[in-house]
Amino acid sequence: VNSTGDTKKYPRSSELLVRHADHILRKGNKNSSLSEIEDQLRNFIDLFKYVEDKDLFQRFYSKKLANRLIHNTSVSIELEEVAISGLKDRCGYEYTSPLQRMLIDMKVSDDLTKEFDQHLEQKNEKFNVVFSVNILQSGAWPFSANAGVPEEQADKSTLDFNVPSDLAVCIDKFKTFYNKKYSGRRLRFVFPLSNGTVVLNHTPRQYTITMSVHQLAVLLLFNDKDSSTKAEITESLGLDKPELEKTLTTLVDSKLIKLESDNYTINTDYVNKKSKFKLPTSTVKDHAEKEVEQTHQSVEEDRRLYIQAAIVRTMKSRKQLGHNELIQQVINLSKDRFTPSVAMIKKCVEVLIDKQYLERHSNQKDVYQYLA
């Protein structure tokens, strides 16, 4: 299970097992019977107990879970709870706490959306669109407010743009409702993770398409005119250049709009075999490998900090310890989360010596002493 196979850098068991779980818990699972899915989850948990890199598994699992919940592709919250309960039985409450917090957020969001709908009904107000919001705690989910945005663009307008008027009305009304209910909380809309569903009525056949908010915003511009230049679209939406380029490219590649010179026009002859589908975005495809690499790097950094903390706790308790015994103590403390390499432990010891937490015994170089 933990073999690195042909990979030279990282074992892939955690990543692959998370993908398997994602296939089980995602809508479209061919084994649609509840009992069959539960059997698959039991087999998944049995495999999980053999995974050594449980910290890496948790990081990958939290990201896949977040995607299923945000994009409403999970089979059911109940089955998500079954899977998390199995992980909890193996690794304890602390291990699954972040995952459970995400499920709680989704349940609270559902209740809040119903309450908001009742609020609008009492005021006899209606929107031109169906509007729902997921309220996510910033510390509970595996992304920040800059989610989906490369770090070099995090302060630019991919997070804030000129929202379509019908959607802007919904957002303003919801902000007023939310701020009145929860004073002191800061509400921020993360548009790179938001999506909408639009119905095409300008084509020979009617289509219902789910797409990103940025893609939707571009398409809605063609309600008022048949064509636009890139400069006009930029001025209308206020998106930064990389995000606009990406959005326009996906719409042109999908043939929903046509590009002639610098002029974009709506494709009135659009044809698709499916009448209801989701339009792909380049974000997931383009950044999938980079995200895996970043996840490994982030876990490696967390491991270094964990090992350093384990060394300090051990040395603070023992005051003086031989090299081999310290190595074994750290491995024993870490084995429920991951199996640290001896090389990594040695590097952490050197870091702590430089930070003056430890020192080598003056007469025995393979013995370490704790510095208060």
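The values are calculated or read from the model by the stated rules, or taken from the named source; none is laboratory data. Bear in mind the structure is a predicted one, so any value in this text is a computation, not a measurement. No Cβ is skipped: glycine too gets one built from the backbone with ideal geometry, and neighbour counts run over all protein chains shown. What goes into the accessible areas is simple: the full protein's heavy atoms, side chains included, and nothing from ligands, DNA or RNA. Shrake-Rupley method; radii C 1.70, N 1.55, O 1.52, S 1.80 Å.
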Checklist entry - Once the Cβ-Cβ distance between His361 and Val312 is put in as r, and R0 is 30 Å, what FRET efficiency do you end up with, to the nearest 0.05? => result 0.95
Next on the checklist: Suppose R0 equals 30 Å. What FRET efficiency, 1/(1 + (r/R0)^6) with r the Cβ-Cβ distance, do Asp117 and Asn272 give to the nearest 0.05?
Outcome noted: 0.40
Checklist entry - Under a point spin-label approximation (7 Å from Cα along Cα-to-Cβ), what is the Asn332-Lys27 distance to one decimal in nm? => result 5.1
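Leaving ligands and nucleic acids out of the surface, order Tyr50, Tyr368 by accessible area at 1.4 Å, largest first. Intermediate results must be reported in sequence, preceding the final value.
Numbers: Tyr50 130, Tyr368 10 Å².
Heavy-atom accessible area, descending, gives Tyr50, Tyr368.
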Item to check | Matching label, mean projected area of the Cα convex hull in nm² computed from the structure shown, candidates [x] 24.6; [y] 34.3; [z] 22.6 | outcome: [x]
Item to check | Net charge over other residues, Cβ less than 9 angstrom from the Cβ of Val299 (K, R count +1; D, E count -1) | outcome: -3
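Given a Förster distance of 41 Å, report the FRET efficiency between Tyr50 and Asn72 from their Cβ-Cβ distance, rounded to the nearest 0.05.
Numbers: r = 32 Å, r/R0 = 0.78.
So, using R0 = 41 Å, E works out to roughly 0.80.
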Next on the checklist: Let's see if you can work this out: charge +1 on each Lys and Arg Cβ, -1 on each Asp and Glu Cβ, no other charges. What is the dipole magnitude of the chain about its Cα centre, in debye to the nearest 20?
Outcome noted: 860
Item to check | Folded to 0 to 90 degrees: helix 165-181 orientation relative to the chain principal axis, Cα | outcome: 50
